[in-house]
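Novice: This is the structure, below, for whatever I ask next.
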Amino acid sequence: MSHNVDVFFKFISATKVGTTDNVMLANSDGIILFSPPSGTKELQLDKGLLQDISKELSGWLTTSADVTYSGRQSIVGYAPVKITAELGKENINGKRWYVFTSQDPSETFMPVYSLLLRIGIAGLAGAGLIAILAYITAGKIVRPIKELQKGAEQMGAGDLDYRLTVNTGDEIEDLASNFNDMASKLKLFYIKLEEMVKERTRELEQRNEEISILYSTATTLNQSLDADRTFSESLKALIEVMKADAGVIWMLDNKLRRFAIVASHNIDLKPEREQKMSEIFEFIGDKIIHDGKLWASENITVDDRLENVHIPEEDFISIAGIPLKSKDKVVAIMFLLNKNIKALTSREEDMLLSIGSHIGIAVENSLLFAKLMRHDEPEIQG
């Protein structure tokens, strides 16, 4: 058979896979039989490459022994010319032919490089987006946490009025709300604790005051067995400790056969004034003698209990009547007078009743002592 070489190789030279692709023809000895004008000028294939393309089936391989781009990792496509395997040895010298390609690796791997570049750009863009989202998300998380930390520090320093402002719409906002509720409860607890401390302090002060008053009264009562001095000193001491403006002691005068003032302090008792005050003293005295209890009014001008009693225009407005008792018997009544409105607490009332009992016993003892002294005096012979 005889063929026109130009016609035969025209088909091969027209075959292209890419812009830099060259399709060549070689025989089984590795001799390049055809190479397009833009192809290689080499005449012999590398033995390793020849061995790789000398196969019965077509395929692709990677090699660094490419004809045109030797030394670079290239992809080579190959296929056997099947008719050369069917011809006898008398044809084409018994050689087999193989068609193979040679392409610039830059073009071959360009899609891969492009893909990698796109992946890299997409990865960087994704990483940047993730970083931005992370920054925004972290800000949303960190800022409320810092606010919580600041609130804890403020409240730890004693500022229980500090309140958190967190508007995240999530669990952190719920935590901040619970934190504020806790601060409010702590504030109330602290206020209650302060009130308890103040109340306890007041109680201690009152107890100390009671002890002081009792001690002062006991000291006064132990100084003398004289009834007049007992009245005077005990009245003066009680006016001082109770911060009253004036006071009188009212009891039955056996000589006059009526109740009268036997002791007074810080008050001018002229006959006319004493007569004006007698009505109110008698009214209160009858109540105390009958009930045996303390009687007090913080403002006698508006006290309904005194509506039928003539109230003199005096320079006092508050009055407290303390029974001086001995063996449950009222022996005298001490009146404490104040120019301003003054209300007694239940503790003060109990304390005054106790002091009144001590004074009453001392008065009773003084009267008994005076009676004994009169019996022991010798009679004067006429």
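Novice: Would it be correct to say that LYS342 is among the basic types (Lys, Arg) and either touching a strand residue (DSSP E or B) at 6+ places or on another chain (Cβ under 8 Å) or on the phi > 0 side of the Ramachandran plot (or both)?
Specialist: Judged against the criteria, LYS342 is a match.
Novice: To continue, here is another question. Pull out all pairs, ordered by first then second residue, where Cβ-Cβ is under 6 Å, the residues are six or more apart or on different chains, the first lies in segment 290-302 and is among the acidic types (Asp, Glu), and the second is outside any loop (DSSP other than H, G, I, E, B).
Specialist: These pairs meet every condition: GLU298/SER318.
Novice: Also, quick follow-up: Look at GLY151 and say whether it is over 30 Å from SER70 (Cβ atoms) and without any contact (Cβ under 8 Å) to a residue 24 or more places away in the chain.
Specialist: no
Novice: Also, I was wondering about something else. When both residues are 6+ apart or on different chains and their Cβ atoms are under 7 Å apart, which pairs have a first residue that lies in segment 235-246 and is in the same structural domain as ILE341 (by TED's automatic domain parsing), and a second that is of a type in the set (S, T, N, Q) and part of a loop (DSSP other than H, G, I, E, B)?
Specialist: Close Cβ pairs (under 7 Å, with a partner that is of a type in the set (S, T, N, Q) and part of a loop (DSSP other than H, G, I, E, B)) amount to ILE239/ASN266; ASP245/ASN266; ALA246/ASN266.
Novice: Go through segment 157-196 residue by residue and tally those that are assigned to a loop (DSSP other than H, G, I, E, B) and surrounded by 11 or more Cβ atoms within 10 Å (Cβ to Cβ).
Specialist: So the count comes out to 8.
The values are calculated or read from the model by the stated rules, or taken from the named source; none is laboratory data. Every value quoted in this text rests on a predicted model; they were computed, and no experiment measured them. We place every Cβ from the backbone using ideal geometry, glycine too, and count neighbours over all the protein chains shown.
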